Amino acid sequence: MSEAKKEVPKASGENSKAAQKPALESSKGASKGTAEPSLEEVERQLAKEFKEYSVAEFFKKNRQMLGYSGKVRSLTTIVHEYVTNAIDSCEDAKALPDILVEIHPVSAKVQREEIAVGDGVTTRFDIPSHVVEADVLNVLVDGVVLALKKEYELKNEKRGRDMVKVLVLKSPLAKGSKLVYEWAYGHLRVAVQDNGTGIPKSKAAQAFGQLLSGTKFYQRRQKRGQQGIGASYATLFSQITTGKPIHIKTGLGNYKVFEADVSIDAKSNSAVVSNEKEYSQNFRGVRVEAEFAEVTYNRSEYGVYEYLRRTALSNPHVQISLLEPAGERVEFLRASKDLPRKPEPALPHPLGITTSDLMDMASSTQSRKLSSFLQTDFSRISSDKVKDLETLVNAGHKSKEPLYVDFNRSPGSLTWPEAERLVQNIQKIKWIAPDTSSLISIGEGQLQKSLKNLLQPEVMKVVERKPRVFRGGIPFLVEAAIAYGGKAGAEGDAEHSRVGEILRFSNRVPLLFDAGSCAITEGVKTIDWTRYDLKDWESKPISILVNFVSVFVPYTGAGKLAISQEDEIVQEIRAALMECAREVGTYLHSLQRIEEQEYRRQIFFRYIGEVSQSLTDLTPTDKKMLEAKLRKIAEQRTAVEEAKDEQEKELEEMEAKAAKEMEEQG
Ligand SMILES: Nc1ncnc2c1ncn2[C@@H]1O[C@H](COP(=O)(O)OP(=O)(O)O)[C@@H](O)[C@H]1O
Ligand SMILES: [Mg+2]
């Protein structure tokens, strides 16, 4: 969502440098006509409009940018925002997270509205927007429900720039007949509670009622939260879909508890607080409760259940208790009592920076000159490197020329095109590699514990690779696992059947959407699974897990759903998975071998009794002795086969070892 945030200043006019450009361009066109306002007037008007368009309003119109598209996904997004905040806060408090997630159905009350009285002619009626978005829609004429398709249709109609939904009756509404709509919103109430730091009363309203209120953005830690949009946007979404405020309860563990309703004034992007309550109770943490419509709960691979299962997998120190709408309680138990290492705040490495990052940072820096800003606000930029950059950026331009970038200027005066040129030239300089201590993986041992805890697989292999860099200098690390058997894999179509699944994570956060464009999916696809006897892994009880760790994750879009398919990244994912596959494959292979040996032995032994009987019938011999002899022969034969198998296995293992060594050298 960092991209989403960067869009904001442009649209809201807080960062008018970016906003000026379109304003000037359109005003040029406007000044041509004689009766039209002057260039200055247009510019003033546009600037005013930009200012009035608050961040909250911007996102109200662009909710898909924040993950609010589709009913299942919207609910997952809400839970994701609350749960990431909860875990972040517990880690801040150095407490083992106990997270409670409750999804309560709120009985939907059917609402009725008279739309029109028939005139004997009209067949088309606009459907009001509050009805269009509802779950149940009945159309009644004089109290009788009409049949969709037979008696009426719902159509989308373009009107100007907007799409409107229209009801079209097959025959005109009779004179005096009453047309009534019935609808209901299926609401869900979501509650998330944690045992973290809690929020001080003075900050609580802001945290949940004002967009971009977060304080974490400039810390540049590898973290879950983004930039103070998650919690407050959920508030706005509750408000948009149900008209209700959210409710928070917070305590710092000092026997002072604060509760309040919070909503957002979208026009001014400020918190509105009501029903405040203070009392004494032993409570530390936050409980947030909000009601939503346009959301659906299910156990699909995109739903809340799956999101939490995966969160538990990648966070063995977290315990999550989920109450599903139907009343079922699911416990994802803690697998480890070790809290993860806390990431140190790290200054951004120049190679990880985008133009809008640079603009954001330049507008809020304490430094007075561009040159000192570059040295103090970034890691690994020395004064020599600043000089190199200055020379590169200004190659071919003389001082005082329009394109000349004076590094003694104030960072705040940096324009978008200048920032773009700086970023382009940054890529051409050889920088000192960034510090990799900021990379926080789940860890081999921890991941093993958590896979064992949640999947109880027959066999698993976990691999943590060494840090590498992409784009010439951004450090990252890949950890991967393959688990087979037990509860590994996803539920298949047939009862009790399980199928292969890919579990994608970036910095421990599950990625549920946009699998197709993700580097992790690509890494899985490039592997020749037949080499590991896993050709049909998709129809086996297998979980393939990859966690991508980096302070800067190159997401494919603003929604933070997929990791971009950079070569170095795909290669690392591939290598990590191959290591896992080799071990799991060998295990499956040996299982198969044992099965075959057993089968061979069974065949021999099955006939021994019969054969000995027939022989004694023919010639009077001692049946017992005959049987014993035949058994001995059979054992010798199968032993020879087994020895062969052993040899084969050893050879295979040697091959695998050689392959691994080669990979590591390459
Ligand atoms: N459960 C919580 N416990 C403590 N603080 C919280 C909690 N939820 C939200 N906050 C505070 O509210 C701020 C805004 O949250 P959010 O909008 O999700 O932004 P972000 O997580 O990106 O900082 C957080 O930075 C944090 O300070
Ligand atoms: Mg957050």
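The values are calculated or read from the model by the stated rules, or taken from the named source; none is laboratory data. Nothing here was measured: the structure is a model prediction, and the numbers come from that model. Glycine gets a Cβ as well: all are built from the backbone with ideal geometry, and neighbour counts include every protein chain shown. Protein only, heavy atoms only, side chains kept; ligands, DNA and RNA dropped before computing areas. Shrake-Rupley method; radii C 1.70, N 1.55, O 1.52, S 1.80 Å.
Listed values, structure above:
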| read-out | value |
| --- | --- |
| Overall form of segment 458-615 per C-alpha gyration tensor (a/c, 1.5; a/b vs b/c) | prolate |
| Selection of GluC sites (Glu not before Pro), segment 141-211, meeting DSSP coil and at most 16 other Cβ within 10 Å | GLU151 |
| When the convex hull of its Cα atoms is projected in every direction, mean area for segment 529-650 (nm²) | 11.5 |
| Segment 280-402 - convex hull of alpha carbons, volume per residue in Å³ | 276 |
| Kirkwood Rh, angstrom, the chain [1 / mean 1/r, Cα pairs] | 29.7 |
| Fraction of alpha-carbon pairs over 22 Å apart in segment 327-465 - percent | 54 |
| Pairs from LYS201/LYS249; LYS61/LYS165; LYS71/LYS267; LYS256/LYS337 whose Cα-Cα separation, in the structure shown, is over 21 Å | LYS71/LYS267; LYS256/LYS337 |
| Highest-first arrangement of 89-102, 113-126, where packing means the average Cβ count within 10 Å | 89-102, 113-126 |
| Net charge dipole size for segment 242-386 [Lys, Arg +1 and Asp, Glu -1 on Cβ; Debye, nearest 20] | 560 |
| Inter-centroid distance (Cα atoms) of segment 464-542 relative to segment 273-343, Å | 25 |
| Segment 309-372 - Debye-derived log10 I(q)/I(0), Cα point model, q = 0.18, 0.28 Å⁻¹ | -0.76, -1.21 |
| Cα Rg, Dmax (largest Cα-Cα span) when computed across segment 437-540, Å | 14.9, 49 |
| Amide H partners (placed H, <5 Å) of SER270, local residues excluded | ASP265 |
| Simple spin-label estimate for GLN366 and LEU323 in nanometres, 7 Å along Cα-Cβ | 4.7 |
| Surface accessible to a 1.4 Å probe, per residue, for the residues of segment 311-460, Å² | 49 |
| Nonlocal amide H pairs with LEU511, under 5 Å, H built at 1.01 Å | ARG504, PHE505, SER506 |
| Dipole magnitude of the chain, debye to nearest 20 (Cβ charges: Lys/Arg +1, Asp/Glu -1, about Cα centre) | 1460 |
| With every protein chain in place, the chain: carbon and sulfur % of accessible area (1.4 Å) | 51 |
| Unit charges at the beta carbon, dipole of the chain: most positive-side option, ILE320, ILE264, ALA433 | ILE264 |
| 10 Å binning of all Cα-Cα separations within segment 153-210, expressed as whole percents from 0 upward | 13, 23, 19, 15, 18, 10, 2 |
| Segment 220-355: C-alpha gyration tensor shape, a/c 1.5 cut-off, then a/b vs b/c | rounded |
| Counting all C-alpha pairs of segment 236-279, share separated by more than 12 Å (%) | 63 |
| Selected from SER372, GLN446, TYR599, residue furthest toward positive end of dipole (the chain; charges at beta carbon) | SER372 |
| Space enclosed by the convex hull of the alpha-carbon atoms of segment 278-324, per residue, Å³ | 117 |
